[in-house]
Amino acid sequence: MKIGIYNRYWNTCGGGENYTGSVAEILSWDHEVELISIEPVDWGRLESRLHLDLSRCSMREWPNETCERLSPLSSHYDLFVNSTYSSSMMPRSKKSALICYFPHRIDALSSMRGQVRQWGRDLLAGNKRRLLRLNRLRGETVVPMTGVYEVEPDGRAWIASEAVLMMSSAATLEIPLWPEAYNGIETVRVDGEELPWLVEDNVLRVECGKIDKCRERMLSIFSKPMVMSELGLSSDSRRLGACIDTRSLNWGGKLPRKLHSPSESLRAYDRVISISHFTSEWIDRRWRLPSTELQPPIDTSLFDLDSSIQKEKIILTVGRFFAGGHNKKHHEIARAFIRMCQEGIMPDGWRLVFVGSRHREHQMHLDYFDRLTELCSGHPIDILPDLPFADLLTYYRKASIYWHGAGWGEHVEQFPERFEHFGMTTCEAMACACVPVVFDAAGQQEIVASEELGFRYSNYEMLAKQMGSLVNAPPENLAEIGKRAQVSIGRFARASFQERVRKAFSGLAY
């Protein structure tokens, strides 16, 4: 089975990419897996940083386009897996799955904003034809989506080794081919399903069976390419698959259809896979869809307690440095620690350590990091951006306490996406026998499930009280709580992830 896994944010190397990469690694043991990006990715860096083995996967780069324009490309796969946060791409493959870290809003207001943004992009690009939708249907309409070269003056249009055409729904699809031109067609798919085909009287015919008048067809054509320059026939170096005769077609016209709404696109997926119970609850509330829970894997053979490394008076917090969204509330955590030091709650010798990668793609993220640096200056706080993994692991092992603050100061009913959807770093810290002290909401409640495993706070006063008791407790008390926390993470162990992935993808890939 050919599986495509689409993620726009591979380069962030965040928790979502770790999760998706882990799923891809397991699926690649049994299937042909292609990892899809929209920009160049340093895959070696990603594998090293996230400790993944993607050697059995191939990589493909799609253009950085909207969901609507990329949708036809999903028809190249038997199973298309969309793991991009906030994506509502309509799947065109035979089978499909959406990995949901957290459900984005799909109400009328958010849809209107998306449409206005697209109109703005089209206007700036001078795409008046698309903006005003001037094309009208005149007979059989075929819209070239990808892998199609410009129509030549005589009406012929060459396609590449992989091409996608959009057509009106019909029981039989017919594409006229240029007489006596090269034809290397090997495989044909319609809406992701491989179907029998034949070429008769210079016409490619594909029997589709049942007609669905509510949607168009995506015809994917895969060909053995021919390069004329290599054969000495001309200087044309294009990889040509077949040649379409456009003279009797409404070539490039617009199909008489409305754009798919986000809700229609989401309902088209065969399965929605969520990363936590918190995410599943909001999928039901926002999308009114069922979901299958597949919690992220924790490599407990890697994240563990090293007896040769002594626990120190370190409070660790791990998370990417970025502004907005579900950021890790570094400023709130720093202020709380500074206040505890000033109030005498935090004894001398304790240090707060921030570890995480820096986001540099926007000035607001750079400003966020600069403000944090200024806030922490002169206090027993270390900020360690872009730390090598080996050093991060050492800090996990020597830290006594782990803090997590995502969601602090936010209202879960109003902005649930600002909370921790699961909390992989908390699990990693607990696997190294750190005592977790986390904000009492969302996915963190599923990890620190009881007082025996750690502490949950909802305001500064609770946090200060908990920390006062922890930092003044005998070391053996911290060690005992840390040991219980470590044992509890076994339920998320990577060793059982293969079985959990197979169960979550049962009926799709297994």
Give the residue, chosen from 28, 37, that is without any contact (Cβ under 8 Å) to a residue 40 or more places away in the chain, buried (at least 18 other Cβ atoms within 10 Å of the Cβ) and over 30 Å from residue 442 (Cα atoms).
-> 28
Among the residues of region 408-432 satisfying the criterion of being farther than 19 Å from residue 296 by Cα and part of a loop (DSSP other than H, G, I, E, B), which is nearest to the chain's Cα centre (by Cα)?
-> 415
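Just to be sure, is residue 479 surrounded by 14 or more Cβ atoms within 10 Å (Cβ to Cβ), among the small types (Gly, Ala, Ser), in a loop (DSSP other than H, G, I, E, B) and out of contact with any Pro (no Cβ under 7 Å at 6 or more places or on another chain)?
no
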Given the residues 435, 412, which is the only one that is surrounded by fewer than 24 Cβ atoms within 10 Å (Cβ to Cβ) and either touching a residue at least 60 places away in the same chain (Cβ under 8 Å) or at negative phi (or both)?
-> 412
In region 292-310, anything not acidic (Asp, Glu) and not in a loop (DSSP other than H, G, I, E, B) is listed as 292, 298
Of all strands (runs of 3 or more DSSP E) completely enclosed by region 11-92, which ones contain at least 1 residues that are among the acidic types (Asp, Glu) and closer than 28 Å to residue 496 by Cβ?
-> 32-37
Search region 326-359 for residues being assigned to a strand (DSSP E or B) and within 34 Å of the chain's Cα centre (by Cα), and hand back the single one that is farthest from residue 379 (Cα to Cα).
-> 358
Is it true that residue 288 is within 30 Å of residue 504 (Cα to Cα) and loosely packed, with under 15 Cβ neighbours inside 10 Å?
-> yes
Going by the structure shown, is residue 487 assigned to a helix (DSSP H, G or I) and either among the aromatic types (Phe, Trp, Tyr) or more than 30 Å from residue 95 (Cβ to Cβ) (or both)?
-> yes
For region 344-381, enumerate the residues that are hydrophobic (A, V, I, L, M, F, W, C), surrounded by 14 or more Cβ atoms within 10 Å (Cβ to Cβ) and without any contact (Cβ under 8 Å) to a residue 60 or more places away in the chain.
-> 352, 353, 354, 355, 366, 369, 372, 375, 376, 381
State all residues of region 186-229 that are surrounded by fewer than 15 Cβ atoms within 10 Å (Cβ to Cβ), at pLDDT 90 or above and hydroxyl-bearing (Ser, Thr, Tyr); if no residue qualifies, say none.
-> 187
So is residue 448 in the same structural domain as residue 342 (by TED's automatic domain parsing) and touching a strand residue (DSSP E or B) at 6+ places or on another chain (Cβ under 9 Å) or not?
-> yes
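Do we find that residue 289 is of a type outside the set (Lys, Arg) and outside the structural domain of residue 463 (by TED's automatic domain parsing) in this structure? Quick ask: steps written out before the conclusion?
Working: of a type outside the set (Lys, Arg): yes; outside the structural domain of residue 463 (by TED's automatic domain parsing): yes.
So residue 289 passes the test.
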Please go through region 364-392 and pick out each residue that is within 23 Å of the chain's Cα centre (by Cα) and in a helix (DSSP H, G or I).
-> 364, 365, 389
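Have a look at 328, 313 and point out the one that is of a type in the set (D, E, K, R) and either in contact with a Pro (Cβ under 9 Å, 6 or more places away or on another chain) or on the phi > 0 side of the Ramachandran plot (or both). It would help to see each step written out before you state the result.
Numbers: 328 fails: either in contact with a Pro (Cβ under 9 Å, 6 or more places away or on another chain) or on the phi > 0 side of the Ramachandran plot (or both).
Result: 313 is the single residue among 328, 313 that is of a type in the set (D, E, K, R) and either in contact with a Pro (Cβ under 9 Å, 6 or more places away or on another chain) or on the phi > 0 side of the Ramachandran plot (or both).
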Selection over region 438-454 where residues are surrounded by fewer than 23 Cβ atoms within 10 Å (Cβ to Cβ) and either assigned to a helix (DSSP H, G or I) or in contact with an Asp or Glu (Cβ under 9 Å, 6 or more places away or on another chain) (or both) yields a count of 3
Quick one: residue 170 ticks every box in (1) under 20 Å from residue 239 (Cβ atoms); (2) touching a residue at least 24 places away in the same chain (Cβ under 8 Å); (3) out of contact with any Asp or Glu (no Cβ under 8 Å at 6 or more places or on another chain) bar one, so which box is it?
-> (1)
Region 1-19 - residue that is crowded, with 20+ Cβ neighbours inside 10 Å and in contact with a strand residue (DSSP E or B) (Cβ under 6 Å, 6 or more places away or on another chain) and, of those, farthest from residue 356 (Cα to Cα) | 3
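Counting just the residues of region 55-80 that are aliphatic (A, V, I, L, M) and in contact with a Leu (Cβ under 7 Å, 6 or more places away or on another chain), which one comes out surrounded by the fewest Cβ atoms within 10 Å (Cβ to Cβ)? Can you show your working first?
So the first thing to find is which residues in region 55-80 are aliphatic (A, V, I, L, M), and the list is 59, 70, 73, 79.
From the residues that got through so far, the ones that are in contact with a Leu (Cβ under 7 Å, 6 or more places away or on another chain) too are 59, 79.
Working: 59: 14, 79: 24.
The residue in question is 59.
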Qualifying positions in region 152-183 - under 37 Å from the mean Cα position of the chain (by Cα) and surrounded by fewer than 17 Cβ atoms within 10 Å (Cβ to Cβ) = 170, 171, 172, 174
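The values are calculated or read from the model by the stated rules, or taken from the named source; none is laboratory data. Bear in mind the structure is a predicted one, so any value in this text is a computation, not a measurement. Glycine gets a Cβ as well: all are built from the backbone with ideal geometry, and neighbour counts include every protein chain shown.
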